[in-house]
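Student: One structure, as structure tokens, below. Some questions next.
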Amino acid sequence: MSEATTHQIPGLKQKKVFKIIVLGDSGVGKTCLTYRFCEGQFLDKSEATIGVDFRERNIKIGHEDIKLQLWDTAGQERFRKSMVQHYYRNVHAVVIVYDVTKPETFHSIASWMQEVESHGLMRAPRVLVGNKCDCGTPESRLATTYAQRLADKYGMPLFETSALLDSECDNVESIFMTLAHKLYSKQPLRVVSVEGELGPGVVTLGRQKRSASSNDSCLCS
Amino acid sequence: MESNNTDADIGDKCNLNGDCSPTPNKQSFDLNNAKNIDDISTPSELKFDEEPDYEDPDVKEKKKDLEKCLENPDCINLEQWQNFAKSKAGLISDDYRRKIWPLLVGVTQEELTEPPSLDELSTHIEYNQVVLDVNRSLKRFPPGIPYEQRVALQDQLTVLILRVIMKYPHLKYYQGYHDVAITLLLVCGDRASFPLLCRLSYGPCAPLAPFMQTTMQPTQHLLNYMLPVVSRADRKLAECLDKAQVGTMFALPWYLTWFGHSLNKYTDVVRLYDYFLCAPPLFPVYVTAAIVLYRADEVYACECDMAMLHCLLSRLPDDLPFEDILVTAKTLYENNDPTDLEPEVAALERREEEQRRLDEERMKRRQAAARSRHTSLSARLRRLVPAALRRLPVSRRGALAAATVLLAVYVYYRPDLLYNRRRENALEL
Ligand SMILES: Nc1nc2c(ncn2[C@@H]2O[C@H](COP(=O)(O)OP(=O)(O)OP(=O)(O)O)[C@@H](O)[C@H]2O)c(=O)[nH]1
Ligand SMILES: [Mg+2]
């Protein structure tokens, strides 16, 4: 699960692919978050996800091009069992999303964790994301300390963010980049290290331009 | 496009749902009458279907026939309506559809009743999910629709859905049901769409009934007919799909919504509904197979990879020749009856089951391997301490042992600390 798939296209430089699955109740903003990361903007006409949608983005870690594949799953309970199962295959990392304004979506985390466990992903890098922190008042939002306690219990970092706010763009960025780095650092037989030229912790981010993506298969839902 | 107090144009530039395909031809989706619409009770006023292809002499002729038949609808039998619906261009315009769709499924005048108010329904257990999905159905409304009218239609949509699942409490709402409901609502209005949706949802041959069971298992089973149909028509293509293990998920929204969720052109959606309303329940799966067959070259050109193929196939191009695709699907159906395909479907499902079992075993092995690796690690750690331990009093020995175990546990959760020290450069996890 920690070994990234490499694409085997003869004659082409092989590119690392990290597969990340995004889970969470319906309406917490999984589609908007993945769209924000892949397209750099808020999706203001989001639709219910039926089954599984797919988006991707190319990033650079050090000098290496890496492809992040995001599997955006449907939140409705009935799609989970059997349906989405197929897509857990070869997943490298997990994002679990809840809505900070809806405690019930936070309480579902336990059952999402169970699902993650049942697919043998407990040791895969995982992050917890509280979305929609632009909504409501500080009192009406789920307290960070409370969320942090659960995140600690499961040994996963917590991010609170908003897919809506442009000012949160970097934060959304860091959710997925954290996972990418974690996966990158876990890779066996890696010779080049990021420390090389840029110094530790420096990441080069490259957002794939839509116009340039036409020949690079596609970025899509 | 002239739009007045609308909220639809804000998002127009943004590609829907992370779409990678070129922006759809918006023109085809535009309101084609500039008249201001305020009467929401007459859905036909909401003319956002494209003007039919008047150039085509067949269609012109068909229009005349349809109009003649609609003057005396009682003299026309079901088969005649079905012929209109299935043959080229289908029922042509929403004005005809509004009258004929209810006839195709046998809705009677008595069934046209006033809907209850939204407040009466808001305590239903699925209410929140339905509202959530209805609120996200903006893409299905004609661009430029006045805000108040859209909101009123969305309320009607919520009522329509809840009415059906309250009438048949064993039917479970699924995300995508709202896409079917809205198509019926936009064409037929809130009174006629209720009995129509009931017919489609409840009954031994109701096409949506399998989607509304407790699990999605029946739906998945029915979708599994697609690959054998493809295989019989084009073995090489089927092998390619099979090799990539792309599965059927790319077609799930097509089937669950009769393509309403996945097509950008409203006229394509209603054309398909014309056909589906009088076709066997499994027919949409054959249309799926016909689309995949039509796109064979794209599939061959694509990397043989699950993600890439899923991505390619799940996006439907805007210029699919649906008249041809329907003809192909009909031929496929005639040549490959569902009962004929059963053994192939069963074989496919056995293979999938086997694959699942192998996956599970592989996972268990991996977990076991991980466990033993970490036990040996903690054993190694323990070996480092015994000498020191023996010299300590018992209580301290206990404490040290506990510390060792804690360290081992810590290392279990953070193996990277030991194994990848050097590369611990990124953001801290
Ligand atoms: N205020 C606010 N609204 C948001 C944010 N993210 C998403 N939304 C809204 O929340 C609703 C649900 O967002 P989606 O991304 O479609 O939710 P999802 O988790 O993909 O839901 P399913 O596909 O049903 O599983 C949409 O109406 C979004 O516009 C956010 O950060 N802030
Ligand atoms: Mg979604």
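The values are calculated or read from the model by the stated rules, or taken from the named source; none is laboratory data. This one's a predicted model, so the numbers in the text were calculated from it and none came from an experiment. Note: ideal-geometry Cβ built from the backbone for every residue, glycine included; neighbour counts use all protein chains shown. Surface accessibility is based on the protein's heavy atoms, side chains included, excluding ligands, DNA and RNA. Shrake-Rupley method; radii C 1.70, N 1.55, O 1.52, S 1.80 Å.
Student: In Å² (nearest 100), what accessible area is buried between B and A, both sides summed, heavy protein atoms only, 1.4 Å probe?
Tutor: In total, chains B and A hide about 5800 Å² from solvent.
Student: Report, to the nearest whole %, how much of the accessible area of the stretch A:60-119 belongs to carbon and sulfur atoms, 1.4 Å probe, protein only.
Tutor: 51
Student: Anything over 30 Å Cα to Cα? Flag those among B:Lys88/B:Lys172; A:Lys30/A:Lys81; B:Lys62/B:Lys236, in the order listed.
Tutor: B:Lys88/B:Lys172; B:Lys62/B:Lys236
Student: Taking Rh as the Kirkwood radius, which is the inverse of the mean 1/r over Cα pairs, what is the Rg/Rh value for the stretch B:57-160?
Tutor: 1.08
Student: Of A:Lys15/B:Lys265; A:Lys132/B:Lys139; A:Lys15/A:Lys182; A:Lys132/B:Lys364, which ones are farther than 29 Å apart at the Cα?
Tutor: A:Lys15/B:Lys265; A:Lys132/B:Lys364
Student: Just from the alpha-carbon atoms, what are the Rg and Dmax of the stretch A:1-158 in angstroms?
Tutor: Cα radius of gyration and Dmax of the stretch A:1-158 are 16.2, 57 Å respectively.
Student: Quick one: ranking B:Leu118, B:Leu78 by accessible area, 1.4 Å probe, largest first, what do you get?
Tutor: So, going from the largest accessible area down, we get B:Leu78, B:Leu118.
Student: Mind jotting down the distance between the C-alpha centroids of the stretch B:208-279 and the stretch A:92-111, whole Å?
Tutor: Centre-to-centre distance over Cα atoms comes out at 31 Å.
Student: Mind listing, in residue-number order, the residues in the stretch B:200-239 that have at least 30 Å² less accessible area with every protein chain present than in their own chain alone (1.4 Å probe)?
Tutor: The answer is B:Met216, B:Gln220 - residues whose exposure falls by at least 30 Å² when every protein chain is included.
Student: Let me ask something additional. Given the convex hull of the Cα atoms of the stretch B:93-212, what is a quarter of its surface area in nm²?
Tutor: Averaging across all directions leaves 7.5 nm² for the Cα convex hull.
Student: Still on this model: Taking Cα pairs under 8 Å and at least six residues apart, what relative contact order does the stretch B:93-212 come out at, in percent?
Tutor: So the answer I get is 34 percent.
Student: When only DSSP loop residues count, what GluC sites (Glu not before Pro) in the stretch A:53-150 have their Cβ near at most 16 other Cβ atoms within 10 Å?
Tutor: Of the GluC sites (Glu not before Pro), the ones in loops of the stretch A:53-150 whose Cβ has at most 16 other Cβ atoms within 10 Å are A:Glu139.
Student: Could you work out what % of the accessible surface of the stretch B:198-348 is carbon and sulfur, using a 1.4 angstrom probe and leaving DNA, RNA and ligands out of the count?
Tutor: 53
Student: Quick one: grab Rg to one decimal and Dmax as a whole number for the stretch B:310-349, Cα atoms only, in Å.
Tutor: Cα-based Rg and Dmax for the stretch B:310-349 come out at 13.8, 35 Å.
Student: What is the ratio of the Cα radius of gyration of the stretch B:153-306 to 2.2 N^0.38 Å, where N is its residue count, to two decimals?
Tutor: Normalised Rg, Cα atoms only: 1.11.
Student: Additional query: Which whole-number value in Å³ per residue fits the convex hull of the alpha carbons of the stretch B:224-336?
Tutor: 90
Student: Work through the residues other than B:Ala296 whose Cβ is under 10 Å from its Cβ and net out their charges, Lys, Arg +1 and Asp, Glu -1.
Tutor: Taking every other residue near B:Ala296 into account, the sum is -1.
Student: How well do other chains shield peptide B:303-311, expressed as the mean number of their Cβ atoms within 10 Å of each residue Cβ?
Tutor: Average per residue, whole number: 6.
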